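S.K.: One structure, as structure tokens, below. Some questions next.
The values are calculated or read from the model by the stated rules, or taken from the named source; none is laboratory data. Values in this document were obtained by computation on a predicted structure and should not be read as measured data. All Cβ positions, even for glycine, are placed from backbone atoms using ideal geometry, and neighbour counts span all protein chains on display. Only protein heavy atoms, including side chains, enter the accessible area calculation; ligands, DNA and RNA are left aside. Shrake-Rupley method; radii C 1.70, N 1.55, O 1.52, S 1.80 Å.
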Amino acid sequence: MIAILRAYLNLSLKVKIIILFALLMTIFSVAFGYYAFQTSRAQIVNKVSSTNLGVMRVVENNMISMQRSMSDWVTVFTMDPFIQKTLRQTERPAEPIDPLLYSGSTSSLMNQMLLTGNFDYVALYGKTGQPIFQMATDDSSGPSPMENIARSPIYERTAELRGAPYWFPLTQDNNVFIQNNRKDKIGMTRVVKDMNNGGVIGFIFAGVNLDTIKDRYLKNLYDKDYGIVILDSAGDPLLQAGKLFYDQEAGGWTDFRAEASGSKVIGVGGEKLLLTYSKGDNGWEYLYAVPVGMLTKELNSIKLFVILAISIWLLMSIPVMLLLTSFLTAPIKNLLLSMRRFQNGQFDEKVEIKYGDEIGYLSQGYNNMVANIKKLVDDVYVLRLREQEAELKALQAQINPHFLYNMLDTIFWEAEEAGQDRISEMIVNLSRLFRLSLNRGKSFTSVAKERELLELYLSLQKMRFRDILDYRIDIPRELDDYVMLKLILQPFVENAIVHGIERKRGGGRMSISGRKEEGDIVFVIEDDGTGMSPEELARLTEPPPESDVHLARETGGYAIRNVNERLRHYYKDAYRLVYASEPDKGTRVEIRIPADLEGEEGDEHVQAADR
């Protein structure tokens, strides 16, 4: 993520504006489209939920009508005097009672049953044996005897209701009524009571096929995409029609049973369904499911249209954005080109200011800056010419260095012939010291040459002061290839000898050390001389007032301040000079400069010095 952001920030201003605009518009369009889609979806779901609740009311009324019709017919049928008389008999009738039912007082009831078609199977039992009456419209056959039925949980539940109907789904597990059941049914059972004393004298079982219920009571209320489930009071499915979605073992279906009715979106088999539920007065529960995808099918086409419209709009807006960003960034581009020409030395650069906006103010500031820099460059150039002229005149007044080297070489050979070895050594060291000091006019040298210069200088001072000067140089050889500003150590060494050790009775000792530390080179110059008071240290390190008068006593302080100025000029803020001294305790100087290898940063310093 950070890499992507960094790459974006490194792009041109025009590309950044186009990408940002396209990104913001895409986010806004997607957010707006998503909000519109979700709002429309919620409204459609709410409206469909209201419609589905109406469908549930129709299903519920139809099922109540079916229950009432079957229950009323069974009540009238079992209360008929002929049926009551037949069931009171202790012995089974010798002849079938079917002809008597269709010709006697029950003929109208039987005709009503045949005409309405409410039943697909009915069986009337006495207390034992086979049914005294049995009828099937779906070729189901083989009624079970009463002894088998009386041992079933269904009979126990029916007996507990004491004459009220008991409704249940007829399955293979609980089917104790029909041995050859042709079609799935919803069954109803009741015990038949004696009208005279209320005792149980019989049992009746009536069944209606699920296909009959679907054709007569649920017609046009479901299809392959819409599902209906009817549950009994115990939560067992009585009927499922249309889309299969109910799985009793999956669980989670009891969450809605606490409410009388309502709707919610559920997930079944990876599909979202709008489930509408209602609970009837008879204890039955009705579920109606519709796939949410079907409800939002038209919204999907609208969503696709919106996506295409946004894409086309973004593509068409790119040329407009290119034109707009070109108009906005053209002044910046002109300003950038002018800056590059200015960097290449064209100091007369100026940009045209057309408008008074932020870019116009920036261009005005740039023009002013260029004018000021040009003036400064002209001033510095003239000053440099004057300095070079003054230096040339000063050099002309000095002795030629080659002449000085040749004369020292002549004196050396004269001393050699005279047998003055000490004088010869002093002359050689002095000649080498002059060569290292001049350094071919370069401002930078190597640590190795600076160490050699210190060794030559101190050897000459040792010859001069003999036993009152003792010194140690500890600059490791691994620092030899590093580059440093020349003659930044020798003035401090000279200052230590002149103002510290030379004034101390009995002489003194000094040490010069160097080390590499965290990307820097640290030099430390210490002596055990007379030291300096805070006032003397301030006079030594603080710049003096401007004056054209030169006094000999100012030489030491001038050299130290000159080193500090040179360090500040070449190393900027990358150096550190710490001067510490106390009377009678000596002086310590620490110089820290960047560790630049020869050929790398050192070349830059040398080039800067040459300029």
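S.K.: Residue check, Val192 against (1) of a type in the set (A, V, I, L, M); (2) in contact with a helix residue (DSSP H, G or I) (Cβ under 9 Å, 6 or more places away or on another chain); (3) within 18 Å of Leu239 (Cα to Cα), all met but one. Which one?
M.R.: (3)
S.K.: Still on this structure, I have one more. Looking at region 529-539 only, could you name the residues that are touching a helix residue (DSSP H, G or I) at 6+ places or on another chain (Cβ under 8 Å) and either under 18 Å from Tyr471 (Cβ atoms) or of a type in the set (Ser, Thr, Tyr) (or both)?
M.R.: Gly529, Thr530, Gly531 - these are the residues of region 529-539 that are touching a helix residue (DSSP H, G or I) at 6+ places or on another chain (Cβ under 8 Å) and either under 18 Å from Tyr471 (Cβ atoms) or of a type in the set (Ser, Thr, Tyr) (or both).
S.K.: Next question, about the same structure. From the set of residues in region 1-55 that are of a type in the set (Phe, Trp, Tyr) and either free of Cβ contacts under 8 Å to residues at least 12 places away in the same chain or open to solvent by 60 Å² or more (accessible area, probe 1.4 Å) (or both), which is nearest to Leu315 (Cα to Cα)?
M.R.: Ranking the qualifying residues of region 1-55, first place goes to Phe21.
S.K.: Does Lys350 fit the bill of being touching a Ser or Thr at 6+ places or on another chain (Cβ under 8 Å) and open to solvent by 80 Å² or more (accessible area, probe 1.4 Å)?
M.R.: yes
S.K.: So, one more: What residue, among those in region 197-218 that are assigned to a loop (DSSP other than H, G, I, E, B) and over 30 Å from Gly129 (Cα atoms), is least open to solvent (accessible area, probe 1.4 Å)?
M.R.: Top of the filtered list is Leu218.
S.K.: Considering (1) open to solvent by 70 Å² or more (accessible area, probe 1.4 Å); (2) part of a helix (DSSP H, G or I), say which one Glu91 fails and leave the rest.
M.R.: Result: Glu91 fails condition (2) only.
S.K.: Inside region 459-477, can you point out the residues that are over 24 Å from Ile501 (Cβ atoms) and either of a type in the set (A, V, I, L, M) or open to solvent by 70 Å² or more (accessible area, probe 1.4 Å) (or both)?
M.R.: The answer is Arg477, and nothing else.
S.K.: Can you tell me which residue within region 428-455, out of those that are of a type in the set (S, T, N, Q) and at pLDDT 70 or above, is surrounded by the most Cβ atoms within 10 Å (Cβ to Cβ)?
M.R.: The qualifying residue surrounded by the most Cβ atoms within 10 Å (Cβ to Cβ) is Thr445.
S.K.: So, one more: Counting just the residues of region 283-298 that are out of contact with any Lys or Arg (no Cβ under 6 Å at 6 or more places or on another chain) and assigned to a helix (DSSP H, G or I), which one comes out modelled with the lowest pLDDT?
M.R.: Among those that are out of contact with any Lys or Arg (no Cβ under 6 Å at 6 or more places or on another chain) and assigned to a helix (DSSP H, G or I), it is Glu298.
S.K.: Considering region 311-327 alone, what residues qualify as being within 18 Å of Glu358 (Cα to Cα) and either modelled with pLDDT of 80 or more or open to solvent by less than 80 Å² (accessible area, probe 1.4 Å) (or both)?
M.R.: Within region 311-327, Thr325, Ser326 meet the criteria.
S.K.: For Glu455, all conditions in the list (1) more than 23 Å from Glu582 (Cα to Cα); (2) in contact (Cβ under 8 Å) with a residue 24 or more places away in the chain; (3) not in a loop (DSSP other than H, G, I, E, B) hold save one; what is the number of the exception?
M.R.: If we test Glu455 against (1) more than 23 Å from Glu582 (Cα to Cα); (2) in contact (Cβ under 8 Å) with a residue 24 or more places away in the chain; (3) not in a loop (DSSP other than H, G, I, E, B), just (2) comes out false.
S.K.: Another one. Would you pick out the residues in region 219-236 that are in contact (Cβ under 8 Å) with a residue 60 or more places away in the chain, surrounded by fewer than 16 Cβ atoms within 10 Å (Cβ to Cβ) and more than 16 Å from Leu274 (Cα to Cα)?
M.R.: Asp236
S.K.: Mind listing whichever residues of region 560-598 are in contact with a Pro (Cβ under 8 Å, 6 or more places away or on another chain) and either open to solvent by 50 Å² or more (accessible area, probe 1.4 Å) or outside any helix (DSSP H, G or I) (or both)?
M.R.: Result: Asn562, Ala574, Tyr575.
S.K.: Among the numbered criteria (1) farther than 30 Å from Gly365 by Cβ; (2) open to solvent by 70 Å² or more (accessible area, probe 1.4 Å); (3) free of Cβ contacts under 8 Å to residues at least 12 places away in the same chain, which single criterion is violated by Lys333?
M.R.: Tallying (1) farther than 30 Å from Gly365 by Cβ; (2) open to solvent by 70 Å² or more (accessible area, probe 1.4 Å); (3) free of Cβ contacts under 8 Å to residues at least 12 places away in the same chain, Lys333 fails exactly one: (1).
S.K.: Of the conditions (1) touching a residue at least 24 places away in the same chain (Cβ under 8 Å); (2) surrounded by fewer than 17 Cβ atoms within 10 Å (Cβ to Cβ); (3) out of contact with any Ser or Thr (no Cβ under 8 Å at 6 or more places or on another chain); (4) of a type outside the set (S, T, N, Q), Asp480 satisfies every one except a single condition; which number is it?
M.R.: (3)
S.K.: Out of region 56-69, which residues are open to solvent by 90 Å² or more (accessible area, probe 1.4 Å) and of a type in the set (Ser, Thr, Tyr)?
M.R.: none
S.K.: Report, ordered by the first and then the second residue, all pairs with beta carbons closer than 8 Å, sequence separation of six or more or different chains, a first member in region 275-304 that is at positive phi, and a second member that is surrounded by 17 or more Cβ atoms within 10 Å (Cβ to Cβ).
M.R.: Gly283/Asp232
S.K.: Within region 497-515, track down each residue that is in a helix (DSSP H, G or I) and open to solvent by less than 10 Å² (accessible area, probe 1.4 Å).
M.R.: Residues satisfying the conditions are Ile497, Gly500, Ile501.
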